[in-house]
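See structure below.
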Amino acid sequence: MKTRMSTTAPLTPPFFLAMAPDEPTTVHQSTLVERARAGDASAWEALYRALYPKLLAYAGRRLDPDAARDAVSEAMARAVARIERFTWEGGGFDAWLFAILRNVVVDAQRAAAHRAPEAEIDEAPASGPGPLDCLLGAEASSALREAFARLPPFDQEVLELRVVAGLSSDEVAKVVGKRAGTVRMAQARALARLREMLEDADER
């Protein structure tokens, strides 16, 4: 499958208003998924184009740019091979695909750790603008990035999947293998902590 397409997509600010509503899958997407299940290449292409920017943003927070692109391609290849296993129960197509990507990213991180000398392993987030920077203007992105980095890893992932990937709370729960209530609590905790840290930064 070709990957020569735009890797960016406009995301509407502000950050705290960008949470995806807990809405059911659109009829359009469900139709595309069923066409893809039947082997329709154009349906796969449409699904890929719609989700690629979000998938790449998620992978790009954890891998270098080349590895992130490879991870997205591998996740899509696995999705094509496993589409007969997909069911609408327990989460939508987006959640299913992000769960596949999450596993690919973890595998890539482990492989990189084995290849690199222990002293060279860098567990810090990727440098440069991240997906959350797209949700705010440049004037706020620096403070947000600093505050976001101080959140626990699980809380960071929950917000990324909710804001960047646009998944519902139930879909995020499926991706990370937690209860939906746990995800909602982590989301509320993370947002409250972010607001507190940003307010403190404004007062300095």
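A short reminder: the numbers here are calculations on the coordinates, not readings from a lab. Values in this document were obtained by computation on a predicted structure and should not be read as measured data. Note: ideal-geometry Cβ built from the backbone for every residue, glycine included; neighbour counts use all protein chains shown.
Please give the contour-minus-distance gain from ASN103 to ARG49: 0.36 nm per residue of separation, less the Cα-Cα distance, rounded to one decimal in nm.
Working: separation 54, 0.36 × 54 = 19.44 nm, distance 2.09 nm.
Gain on extension, ASN103 to ARG49, equals 17.4 nm.
Which distance in nm do the two modelled labels at ARG145 and HIS28 give, with both placed 7 Å along the Cα-to-Cβ direction?
A separation of 3.3 nm, rounded to one decimal place.
Could you tell me the center-to-center distance, by alpha carbons, between the range 69-97 and the range 155-204 in angstrom?
Result: 23 Å between the Cα centres.
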